[in-house]
Every structure is written in structure tokens, then in C-alpha cells.
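These notes are about the structure you will find just below.
The values are calculated or read from the model by the stated rules, or taken from the named source; none is laboratory data. The structure presented is a predicted model; accordingly, all values stated were derived computationally and were not measured. In this analysis, Cβ positions are derived from the backbone assuming ideal geometry, glycine residues included, and neighbour counts consider all displayed protein chains. These area figures cover heavy atoms from the full protein model, side chains too; ligands, DNA and RNA do not enter into them. Shrake-Rupley method; radii C 1.70, N 1.55, O 1.52, S 1.80 Å.
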Amino acid sequence: MTIPLLDLAAQYRGIKTEIDAAIQRVLDSGHFILGEEVDALENEVAAYLGVGHGVGVASGTDALILALRALEIGPGDEVIIPAYTFFATAGAVLHVGARPVLVDVDPQTYCIDATLIPDKITQATKAIIPVHLYGHPSDMDAIGAIARKHGLKIIEDNAQAIGAAYKGRKTGSLGDVACLSFFPSKNLGGYGDGGMVVCDDPALAERLRMLRAHGWRRKYYPEILGYNSRLDTLQAAILRVKLGYLDGWNERRREIAASYDHGLADLSSISAPHEAAGCRHVYHLYIIRTTARAEIQHALKMAGISSGVYYPQPLHLTQPCRGLGYKEGDFPVSEKACHETLAIPIYPEMSPEQINLVLETLSSF
Ligand SMILES: *Cc1c(COP(=O)(O)O)cnc(C)c1O
């Protein structure tokens, strides 16, 4: 038995009839960019999250870039983001010409440490991007209070956390605008790249719709400088099928996480991930923590079990962020996490035998 980090082929086998029918429907329609399927997905995702509008775009990274542009954030502006996240969060800020201002993360949730944000706010600060990392919600009450006090926008990076909740409200509905990714490995993933921006403000949604299609409302008459960043019809049709399964899949991820939590409770060299009070974690990744990461990865590999490091580098040490003036030691919690965290397999189709093998291998270590 070998156990991958996730098994998208197994997922497809379970929903093949519906997916194949959805794909066939699009092929027969002859319509491949935006259109009715995308409109329907936008409405369904917005309703799922409890927000007014969804705007389908080409990727989660583009969702972040378009959200920043729609809020008119650009050169001269500062945007507060966590130092420990997938690079796209920083890349998007750099792409619009603004300056990412990094903040260390909480050692238990790996989300931005809200207590450290106020010190980083300047006259130039325009927005905060909390990242609900690994599927765990950021501390949105604290972040919301800071944003209100200083007149800042909140852009949720909800790429890893669709279906997660904070005090009973879904992540993606807790800020001014939220960004989703439909990258295949995400909890709601397509069969290619895709993303969405969601918000309540109709004027912001209108601007996002312009930005994703060359800045025009009326074809060939651009009003602002936009992009070509539209969601494919095929991806939308596939995602509409999968959206119906999302809650069940997330529930299954939580069950597997509970099995792991239980099995790891007695191990002294490995810590299980934390779920903060009032938070519903959706375990996009199940992240263990250990000072013996290389040895554990090796033991897992010998047993045929995949594992992964998310992420090997904090943002301030990445090449594109070098110019920001940070140095090693500036974000100690993030730096330590980069050395000690490890993702082990978690996906809804995992069998009890596979879960046991992972636990036995970790226990025998
Ligand atoms: C995946 C991801 C993105 C970017 O999404 P893409 O669809 O891959 O462009 C942004 N932020 C975070 C935290 C992500 O995990």
C-alpha cells in the first residue's frame, strides 16, 4: 500500500458519472469562457458563503491581484500580510506595486498574529490580508477591530479554507472581499486553474467584473486597464458538481483529523495541529510539528507514505521579497515553523487502513 498526500483520481472515480455529464454538457454547448455555467457557479458559491456576489477568475493568485486592484491599492500603499503563507499572497501585493508588510504568525494556528499588527500600521497602510492557512480561520474579531479602528480593508485569502467557519460564520464572508482558489488540490478544486473573488458590495463586484475582462463593461470599450482573467466554462461546470459534495468532504477531513489527533496524543516527539476555540478547521492540510522532521519524512517514505513541507521558506527570505529589507531572525515563529512543520496525507477518500498505517508509522518512530 502506498499513500499519496491526496488522491484526486480516487475522488473522480466516486463522482465520474456526474462530472462526465457536466463536461459533455459544456462540450455540446460550444461555449467555453464565462457564460451560464460560470454565472451559476458564482451565484452558488456566493450563496454557500453567505455573500452577495462572486466573480470567477483564472486563478486564486489573480483573485488576490484583482481584489487589490478593485480596492485601488497600488504604488505607495502598504498591505499587511503574514510572513508564513503560500508565496502568492505576497506575489499579488508586489504585482500591483504595493509593499507587503510582514507580520509573524501565531505558533499554534499558523495564522497572522493579530496582536503584532498594530505596530506595523503606518499612514500608507491600506489593507490586511489574513490567510486562513491550512484551512484554519484567522483571528477575525481581533483583525476586524484593528481594521475598523484604522480604516483598513480586509481581503481574506480563503484559498485553503472554503467551508471553514469562525464563530459560526464562514470564512470568505468576514472581510470586505475574499479570494478563493480552485487549484486542483484545494478543498474545492477544479481540473485546472481557477479562482473567485467574493464580496457584498455591488460596486466592487462590478469593478472586479471589468478588471477580469480588459477593463470593459461594453466589449471593446475598456474604461480602466484590466486583465484577461476569466474562469473557464468547463471548470465552472466541474466545480458546480463538486460544490455539492464539499460539506461532506470537509466533514470527512475533520473525522480523519480527529483520528490523527487521537493517535498522536501520546507521542512526545510529534504535535498535532490546533483548532482554536470557536473555529471550524477544514484541514486542507494536516500539519504535524516536530524537531525530527527529516527522520520522520524518511520513515514515512520507507513505509510508502507521502509527506510534504508547506512551506520551506518564510516570505521574507524568498528572492522576490529580498528588496523589502527584512533579514533572518525578523519573524522567529515563521522561521521555526518552516523547519518543523510537515503535512501528512489527508483527503476524504482515505481508508481506515491507510489512516492506521500512517499512525502506526508515526508511532513506531
Ligand atoms: C493556492 C493559494 C493561492 C493561489 O491560488 P492559485 O489558484 O494557485 O493561484 C493563494 N493563497 C494561498 C494561501 C494558497 O494556498
Using Cα positions and a limit of under 19 Å, work out the aspartates and glutamates in reach of residue 16, with same-chain residues fewer than 8 apart set aside. 7, 28, 37, 247, 349
Two-site label geometry, residue 201 and residue 141: point separation in nm, points 7 Å out along Cα→Cβ: 2.6 nm
Could you tell me the calculated FRET efficiency between residue 299 and residue 108, based on Cβ-Cβ distance and R0 = 41 angstrom, to the nearest 0.05? 0.95
Need one value: the accessible area of residue 286 in square angstrom, 1.4 angstrom probe, rounded to the nearest 10. 0 Å²
Given 352, 263, 300, which one lies farthest toward the positive end of the charge dipole of region 241-365, if we put +1 on the Cβ of every Lys and Arg and -1 on the Cβ of every Asp and Glu? 300
Give the separation of the Cα centroids, region 235-277 to region 73-110, in Å. 26 Å
From the residues 136, 115, 319, which one has its Cα farthest along the dipole of the chain in the positive direction, the dipole being from +1 and -1 charges on Cβ of Lys/Arg and Asp/Glu about the Cα centre? 319
Protection proxy ranking of 230-241, 68-79, 264-275, 160-171 - average other beta-carbon atoms within 10 Å, highest first: 230-241, 160-171, 68-79, 264-275
Rank 274, 155, 226 by how far each Cα sits towards the positive end of the charge dipole of the chain (+1 on Lys, Arg Cβ; -1 on Asp, Glu Cβ) and give me just the farthest. 226
In nanometres, what is the gap between the two model label sites at residue 313 and residue 124, each 7 Å from Cα along Cα-to-Cβ? 2.3 nm
With a 10 Å cut-off between alpha carbons and a GNM built on the chain, which of 259, 181, 173 moves the most? 259
Quickly work out the residue 15-to-residue 216 label distance, labels modelled 7 Å from Cα along the C-beta direction, and quote it in nm with one decimal. 3.5 nm
Of 189, 144, 14, the one that fluctuates the most in a GNM where the chain has Cα springs shorter than 10 Å: 14
Rounded to the nearest angstrom and ordered from largest down, what semi-axes does the equivalent ellipsoid of region 246-364 get from its C-alpha gyration tensor (root of 5λ)? 28, 18, 13
With Cα springs under 10 Å, the Gaussian network model of the chain assigns the largest mean-square fluctuation among 188, 66, 243 to 243
Candidate lysines for bridging to residue 186, where Cα separation is under 16 Å - those fewer than 8 sequence places away on the same chain excluded: 242
Under a Cβ-only charge scheme (Lys and Arg +1, Asp and Glu -1), can you give me the dipole magnitude of the chain about the Cα centre, in debye to the nearest 20? 640 debye
Which value in deg cm²/dmol, rounded to the nearest 500, describes the helix-derived mean residue ellipticity at 222 nm for the chain, given -39,500 (n - 2.57) per DSSP H run of n ≥ 4 and division by the residue count? -12000 deg cm²/dmol
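Here are some pairs, 120/153; 170/327; 149/327; 126/336; 120/336; which of them have Cα atoms lying more than 25 Å apart in this structure? List each step's numbers first, then the result.
Numbers: 120/153 15 Å; 170/327 36 Å; 149/327 30 Å; 126/336 29 Å; 120/336 21 Å.
Those over the limit are 170/327; 149/327; 126/336.
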